[in-house]
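Note sheet for the following structure.
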Amino acid sequence: MSKKPYTNPKHQQNRNAAIGKIHIAKSQLGLDDETYRAILLTIGNVKSSKDLTPEGINKVIKHFESKGVVFTKKKGTGQKPNNLNKVPQLQKIEALLADMKLPWDYLTSKGQGNVSMLQRLTGKQRLEFCDQKGLTSVITALTKKQQGMVVQDAS
């Protein structure tokens with residue numbers, strides 16, 4: 001009977017994501033199976049990625065990055081607020097984003113100082129939590145961006 005390497009599901013999820021990166025790198029570099037397994041054996045001392053230790057995973061990923069592999073996150077479109085049709089300000093925000101061809105997550109993705117635009121303007125994580133004043137601040141900022149002006153924070 002074999003022991004599970006991780007009892008914490010989050011650790012297993014991180015491991016699976018890291019092994020997924022290794023497979024993405026294999027595809028990006030166009031490696032055949034024989035070459036891929038030779039790299040695993042040379043760098044990670046294993047024949048299969050499922051047998052890699054956390055240190056081995058890091059070594060293999062660093063090796064692939066040194067060969068020019070670039071890992072990027074998929075840019076999502078963000079989630080549209082649930083109460084969109086009930087709040088006119090949200091409809092205005094949707095129209096401004098659409099006009100500038102920006103996704104909903106433009107407002108909530110982390111930017112400068114690891115804080116989203118929405119957090120800087122309103123202190124809230126999601127549009128649904130904003131009051132009328134906060135929504136008006138977002139509309140003003142988006143309108144200024146649309147007009148090509150630099151938006152200054154009130155903070």
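Here, each number is a calculation from the coordinates, and none is a lab measurement. Owing to the predicted nature of the structure, the values given are computational and were not obtained by experimental measurement. Virtual Cβ from ideal backbone geometry, glycine too; neighbours counted across all protein chains shown.
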Original post:
Given the pairs LYS67/LYS101; LYS26/LYS101; LYS86/LYS124, which are separated by over 23 angstrom at their Cα positions?
Top reply: LYS67/LYS101; LYS26/LYS101
Original post:
Which residues' amide hydrogens lie under 5 Å from the amide hydrogen of VAL46, considering only partners 5 or more residues apart or on another chain, with H built in the peptide plane?
Top reply: LEU41
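Which length gain, in nm to one decimal place, applies between LYS59 and ALA18 when the Cα-Cα distance is subtracted from 0.36 nm times their residue separation? Each step should come with its number before you reach the end.
Numbers: separation 41, 0.36 × 41 = 14.76 nm, distance 1.12 nm.
Stretched out fully, the LYS59 to ALA18 stretch lengthens by 13.6 nm.
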Subject >> Karplus 3J(HN,Hα) series, Hz, for the stretch 89-104 with 6.51 cos²θ - 1.76 cosθ + 1.60 (x for Gly, Pro) >> reply: 4, 5, 5, 5, 4, 4, 5, 5, 4, 5, 4, 8, 6, 10, x, 4
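So for each of 116-125, 96-105 I average, over its residues, the number of other beta carbons within 10 Å; can you give me the resulting order with the highest mean first?
Working: 116-125: 18.3, 96-105: 14.1.
Per-residue mean Cβ counts within 10 Å order the peptides as 116-125, 96-105.
I'd like the FRET efficiency for ILE43 and ASN8, computed as 1/(1 + (r/R0)^6) with the beta carbon distance as r and R0 of 35 Å, rounded to 0.05.
Working: r = 26 Å, r/R0 = 0.74.
Step by step, r from the Cβ atoms, then E = 0.85.
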**OP:** Compute the distance in nm between two label points, each set 7 Å from the Cα along the Cα-to-Cβ direction, one at LYS144 and one at LYS92.
**Re:** 1.5 nm
**OP:** Assign one of three labels to the stretch 84-146, namely rounded, prolate or oblate, based on the Cα gyration tensor with a ≥ b ≥ c the square roots of its eigenvalues; rounded applies when a/c is under 1.5, prolate when it is not and a/b is larger than b/c, and oblate otherwise.
**Re:** oblate
Subject >> Amide hydrogen neighbours beyond the local backbone of SER116, cut-off 5 Å, H modeled >> reply: GLY111
Subject >> Whichever aspartates and glutamates have a C-alpha closer than 20 Å to that of LYS92, once near sequence neighbours (fewer than 8 apart) are set aside >> reply: ASP105, GLU128, ASP131
